[in-house]
Each structure stands twice: as structure tokens, then as C-alpha cells.
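Worksheet: one structure, shown below.
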Amino acid sequence: MTGAPWPPEVAAAFALHLVAGDEGEPVELGMVFVDGALYVRAFRGPRSQWFQAAVALGRGHVRIGPLERDVFLSHHTGDSAAIDAAYHAKYGGDSTLIDNPRARSATLRIDPA
């Protein structure tokens, strides 16, 4: 079960800071919303330490601008076309860092706890 939905103003944020689990250094990540769901990707792919920790622990904490929230983390393995399009629309040419098979295989959905 998830908590309150994301407030609309966070969609405009350029990036978020994620900590997997309860401790650790936050990782700054580009983020996109698709149909109200929040997604991030590991540009280094599924071998990224933060991504492995996020999948293994399934929970964490995010900061998006002034908003801080505990979250549930899940590996997204479904269709990625809409997520790809959202990254292209938001980040333009910089989206090539996260629009490739390696990064696509390390897509994480973030839901409010």
C-alpha cells in the first residue's frame, strides 16, 4: 500500500536525492513521472551499487526540493516506451545517458510509503 500521492509541483524538479534503506549517502538522480508514477534509472545499469541496494531493500527515502518522504522502491521491468519518452521530453539530448539498454534495465519505480 502506498501513501499520499506525489504533489504536482515535484514533477517540475530537475532531480531527486535517494537513499536506499535507512542509511547511506544520497544519490542524485534524474527523475520522470509517467501517469503519476515516479521513475529513476541507473545510467551505469543494474550493477550500480545504489540500484542493487534499492532493489534488495525495497524501501528508502527521497528528497525532491523541499519535499522529503519515505518511499517504497521496486524494479520496473515492464514496457519502458513511455518512460523513455518522458526522459527525452524532460532532459533532451542529456537523456541519452539513461536511454540505452543498460540503463533501461535498471529502472526503478518510487512510490510514497
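The values are calculated or read from the model by the stated rules, or taken from the named source; none is laboratory data. Predicted model, so just to flag it, every value in this text is computed and none were measured. Here the Cβ positions follow ideal geometry from the backbone for every residue, glycine too, while neighbour counts run over all protein chains shown. Please note that ligands, DNA and RNA were not included when accessible areas were found on the heavy atoms of the full protein model with its side chains. Shrake-Rupley method; radii C 1.70, N 1.55, O 1.52, S 1.80 Å.
Here are a few things to note about the model shown:
- Size of electric dipole in the chain: Cβ of Lys, Arg +1 and of Asp, Glu -1, about Cα centre, debye, nearest 20: 300 debye
- Per residue, the accessible area of the chain comes to 56 Å² when a 1.4 Å probe rolls over the protein heavy atoms.
- Inter-site label distance for ARG63 and ARG104 at 7 Å from Cα along Cβ, in nm: 3.4 nm
- When peptides 5-18, 26-39 are sorted by average Cβ neighbour count within 10 Å, with the highest value leading, the order is 26-39, 5-18.
- Our estimate of slack between ALA12 and GLU25, defined as 0.36 nm per intervening residue step minus the Cα-Cα distance, is 2.3 nm.
- 5 angstrom amide H check on HIS76, placed H, neighbours 5+ away: THR107, LEU108, ARG109
- Estimated from helical segments only, the mean residue ellipticity of the chain at 222 nm is -5500 deg cm²/dmol, where each DSSP H run of four or more residues counts as -39500 (n - 2.57).
- Within the shell defined by Cβ-Cβ distances under 10 Å, the residues around ARG102 carry a net charge of +4, with Lys and Arg each +1 and Asp and Glu each -1.
- Percent accessible area from carbon and sulfur atoms, the chain, protein chains only, probe 1.4 Å: 54 percent
- Cα-projected label distance for ASP70 with ALA37, points at 7 Å along beta-carbon direction, nm: 2.3 nm
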